[in-house]
Amino acid sequence: MSGTLTPQRNIGLTGGIATGKSTVSDYLADKYHYPILDADIYAREAVAVGSPILEAILQRYGEGITGKDGTLKRQRLGQIVFQDAHEKQWLEAQIHPFVRQRFNQVLAEHPDTTVICVIPLLIEANLFDVVTETWVVTCSNQQQLQRLQNRNHLTETEAIARIESQMPLSEKVKFADVVLDNSSDLATLHHQVDRAIEISC
């Protein structure tokens with residue numbers, strides 16, 4: 001209808017660690033030129049030097065959690081929270097409200113544009129109000145483990161701990177409007193993305 005406004009489309013892109021979220025978001029940016037908003041970037045902003053959240057982390061874990069320049073030792077923090085569900089929950093309670101606020105701020109700047117919101121913990125953090133649809137990227141358990149080991153230079157035990165600290169992929173897909181299976185080659189993944197864009201438009 002002439003003059004009808006198209007509702008803003010905020011695609012929430014999520015999935016397990018090392019399943020291929022960045023591969024999908026890169027493709028959406030390169031082919032469709034959609035803005036990409038990344039929760040990981042906002043999470044880093046949350047713990048910037050001098051931030052209240054970093055100060056809270058310092059008080060909880062001590063000076064050894066930061067380097068000489070005052071920046072957070074993310075790997076050290078990861079070793080703590082990926083081994084202790086209670087500490088992981090505490091940390092997320094500090095960071096998630098900040099991330100939600102940043103998404104809302106930036107999305108307000110793109111009212112008439114399709115936007116890709118890359119949110120690894122979209123489901124766990126209950127950020128569904130930030131997006132209008134949820135896409136979950138999956139792959140086989142063995143592929144996920146191998147990709148994570150190779151990408152982060154982790155032992156098998158370390159990689160398994162990180163994977164098991166997250167909601168299982170089998171549970172995440174239950175919340176999906178679109179499931180992207182990244183178990184095959186890039187061409188197959190890109191075709192799935194293209195279909196998801198076309199069908200939803």
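The values are calculated or read from the model by the stated rules, or taken from the named source; none is laboratory data. Everything numeric here is computed off the predicted structure, so don't read it as measured data. Neighbour counts run over all protein chains shown; Cβ positions are idealised from the backbone, glycine included.
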* How many residues does segment 164-191 contain that are surrounded by fewer than 19 Cβ atoms within 10 Å (Cβ to Cβ) and part of a helix (DSSP H, G or I)? -> 11
* To do: Please state which one of ALA159, ALA196 is closer than 17 Å to GLY16 by Cα and assigned to a helix (DSSP H, G or I).
  => ALA159
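Residue-by-condition table, conditions (1) touching a residue at least 24 places away in the same chain (Cβ under 8 Å); (2) surrounded by 12 or more Cβ atoms within 10 Å (Cβ to Cβ); (3) aliphatic (A, V, I, L, M); (4) within 30 Å of LEU186 (Cα to Cα):
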{"residue": "ALA39", "(1), (2), (3), (4)": "yes, yes, yes, yes"}
{"residue": "GLU45", "(1), (2), (3), (4)": "yes, yes, no, no"}
{"residue": "GLN59", "(1), (2), (3), (4)": "no, no, no, no"}
{"residue": "GLN89", "(1), (2), (3), (4)": "no, no, no, no"}
{"residue": "GLU92", "(1), (2), (3), (4)": "yes, yes, no, no"}
{"residue": "PHE98", "(1), (2), (3), (4)": "yes, yes, no, no"}
{"residue": "LEU107", "(1), (2), (3), (4)": "yes, yes, yes, yes"}
{"residue": "LEU121", "(1), (2), (3), (4)": "yes, yes, yes, yes"}
* **Per-region count, segment 100-134, residues within 19 Å of ARG162 (Cβ to Cβ) and of a type in the set (A, V, I, L, M, F, W, C)** => 6
* Would you mention how many residues in segment 103-134 are touching a helix residue (DSSP H, G or I) at 6+ places or on another chain (Cβ under 8 Å) and within 19 Å of LEU91 (Cα to Cα)? => 9
* Could you tell me whether any residue of segment 136-147 is out of contact with any Lys or Arg (no Cβ under 7 Å at 6 or more places or on another chain) and farther than 17 Å from ASN182 by Cβ? => no
* Asked: Picking from ARG102, ARG151, which residue would you name as being closer than 22 Å to ARG44 by Cβ, exposed (fewer than 14 other Cβ atoms within 10 Å of the Cβ), in contact (Cβ under 8 Å) with a residue 24 or more places away in the chain and out of contact with any His (no Cβ under 9 Å at 6 or more places or on another chain)?
  -> ARG151
* Asked: What number of residues in segment 75-87 are closer than 16 Å to ILE17 by Cα and loosely packed, with under 12 Cβ neighbours inside 10 Å?
  -> 1
* To do: Test VAL136 against the criterion of being surrounded by 15 or more Cβ atoms within 10 Å (Cβ to Cβ), in contact with a strand residue (DSSP E or B) (Cβ under 7 Å, 6 or more places away or on another chain), within 15 Å of GLY20 (Cβ to Cβ) and at pLDDT 95 or above, and give yes or no.
  => yes
